[in-house]
Amino acid sequence: MTKADIEAAIDAARGRKGPQIELRDLREPGLRFRAGERSAKWSLMIRLHTGERSRIALGSWPALSINDARAAAREARRKVEEGRNPNEERRNLAREAQIRARSRKALVQMLDQYEREVLSHHRRGDQTRRALDGKEGLLRTLQARNVKEITRDEIQELLKRRAKRSPISANRQLAYAKAFFNWCVSEGVIESNPIASLRRPVPERTRERYHSVQELRDIWAAAGDLGYPFGPLCRLLIVLPMRRDELAGLLVNELTLQGDEPQWVLPSERTKRANALRVPLLPMARSIITSALGDADRLKESAYLFTTTGETPVSGFAKAKRRLDGAVEKHREEMAAKQGREVEPMLPWTIHDLRTTFNTIACERLKIDANVADRILNHVATATTSKIMRVYNRSELFEERKRALRLWEQWLEKEVVAAAVNR
């Protein structure tokens with residue numbers, strides 16, 4: 001059979017419908033041509049040095065001619081005789097090409113991939129992405145750069161600038177950036193994390209700020225001056241010491257205000273610990289919620305209890321906190337004028353300090369069990385010293401939390417609300 005006859009037979013086999021066929025080359029042992037509807041390829045069946053019989057892909061027809069296929073088969077056999085594995089070499093080359101292609105990607109492309117593969121599975125992944133290259137993101141000015149060329153020094157300089165404006169935010173952004181570059185290492189895009197050794201620009205201490213009874217009275221009274229939505233939200237944060245974003249994002253359909261067991265079911269996707277939680281609603285909390293539901297400034301069709309747009313939960317906390325601080329200062333000035341004394345400004349505080357205040361007063365004054373207070377705050381049993389107990393004690397302690405919150409509301413009514421009204 002001439003070469004032309006062989007090529008004619010191959011052409012006839014290529015593209016035929018039905019089962020795949022295989023033609024063997026009589027001149028080159030192990031060389032085979034496989035053809036079907038979708039492809040026509042040359043391969044070499046050979047026993048590797050490991051003792052396993054393997055098929056080594058050589059190429060496709062007609063790009064690889066008969067003579068070229070025979071030459072490729074001889075080259076593959078030579079590699080096997082030298083103890084090499086052509087298939088493994090091909091896979092390694094493909095991996096290296098993939099890594100080179102990835103390393104040529106701009107930072108923003110890698111961040112897009114990171115968001116798809118990692119951040120999309122995180123509860124606050126969108127916030128992390130904004131911290132990385134959003135409007136105030138640490139890596140924003142490096143978006144067009146090749147991720148492999150970004151250096152420690154330039155990120156450190158960006159971090160210093162950020163720390164001058166917002167030191168705690170700079171700490172968080174550094175943590176997010178380290179996690180991103182670690183992922184780049186695991187993906188084989190870069191060999192090492194360029195900022196692995198960077199330290200946080202500012203030290204952080206566990207906050208120990210909690211309010212005195214008088215400060216709570218001032219905050220309660222001042223919150224009444226804010227109006228909807230921040231006024232009732234602030235008061236509810238005192239009565240129900242949950243996290244700010246948990247209460248701010250409260251949906252009306254999460255509430256059960258009637259019946260024998262009024263409660264708020266906080267879904268797992270909105271908690272820091274990613275656990276659903278039933279929160280008992282006692283009279284003071286229900287009163288604030290009911291009042292907010294019926295407030296004239298609330299958009300009645302909104303799914304959110306606290307909202308200014310109707311479509312999204314309330315935001316703009318920094319501005320609202322400044323308004324609240326101004327109202328607190330005004331109340332303290334009025335009290336000082338009535339009593340004929342100098343005004344004592346309130347020490348700096350954050351909304352989160354209301355949770356610390358509850359925990360301090362609940363445990364020290366009301367003698368509420370620390371484990372119950374932990375559950376009210378939805379902490380990971382920080383009051384439990386036993387690691388085994390932390391793992392296995394998953395009880396909601398609903399009735400215990402209900403009794404504790406009743407004591408808390410009674411204390412607030414007597415020591416805070418009544419005093420704020422009568423001043």
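When residue 305 is tested against (1) farther than 21 Å from residue 350 by Cα; (2) open to solvent by 20 Å² or more (accessible area, probe 1.4 Å); (3) in contact (Cβ under 8 Å) with a residue 40 or more places away in the chain, only condition (2) is not met.
For the criterion of being basic (Lys, Arg), part of a helix (DSSP H, G or I), open to solvent by 30 Å² or more (accessible area, probe 1.4 Å) and within 18 Å of residue 193 (Cβ to Cβ), residue 148 passes. The listed residues are 357, 350, and the only one of them that is among the hydroxyl-bearing types (Ser, Thr, Tyr), within 26 Å of residue 410 (Cβ to Cβ) and in contact (Cβ under 8 Å) with a residue 12 or more places away in the chain turns out to be 357.
Residue 221 meets each of the listed conditions (1) surrounded by fewer than 21 Cβ atoms within 10 Å (Cβ to Cβ); (2) over 23 Å from residue 377 (Cβ atoms) apart from (1). Considering the conditions (1) farther than 23 Å from residue 124 by Cα; (2) in a loop (DSSP other than H, G, I, E, B), residue 218 is excluded by exactly one of them, (2).
The conditions of being surrounded by fewer than 16 Cβ atoms within 10 Å (Cβ to Cβ), among the polar types (S, T, N, Q) and modelled with pLDDT under 95 are not met by residue 271.
Considering only region 224-246, how many residues are open to solvent by less than 20 Å² (accessible area, probe 1.4 Å), modelled with pLDDT of 95 or more and part of a helix (DSSP H, G or I)? Matching residues across region 224-246 total 7.
Just to verify a result, which residue in region 111-145, among those that are hydrophobic (A, V, I, L, M, F, W, C) and open to solvent by less than 80 Å² (accessible area, probe 1.4 Å), is farthest from residue 166 (Cα to Cα)? Talk me through it step by step, then tell me what you get.
Initially, region 111-145 is screened for residues hydrophobic (A, V, I, L, M, F, W, C), giving 111, 118-119, 131-132, 138-139, 142, 144.
Remaining after also requiring open to solvent by less than 80 Å² (accessible area, probe 1.4 Å): 111, 118-119, 131-132, 138-139, 142.
On the way: 111: 23, 118: 26, 119: 24, 131: 12, 132: 15, 138: 12, 139: 15, 142: 20 Å.
Of everything passing the filter in region 111-145, 118 is farthest from residue 166 (Cα to Cα).
In region 310-324, the residues that are in contact (Cβ under 8 Å) with a residue 40 or more places away in the chain and surrounded by 15 or more Cβ atoms within 10 Å (Cβ to Cβ) form Cβ pairs under 6 Å with partners that are assigned to a helix (DSSP H, G or I) and of a type outside the set (A, V, I, L, M), at six or more places apart or across chains, as follows: 320/230.
The values are calculated or read from the model by the stated rules, or taken from the named source; none is laboratory data. Just so it is clear, the structure is predicted and the values come from calculations on it, not from any experiment. Reconstructed Cβ throughout: ideal geometry from the backbone, glycine too, with neighbour counts over all protein chains shown. Note: accessible area is taken over every heavy atom of the protein model, side chains too, but ligands, DNA and RNA are not part of it. Shrake-Rupley method; radii C 1.70, N 1.55, O 1.52, S 1.80 Å.
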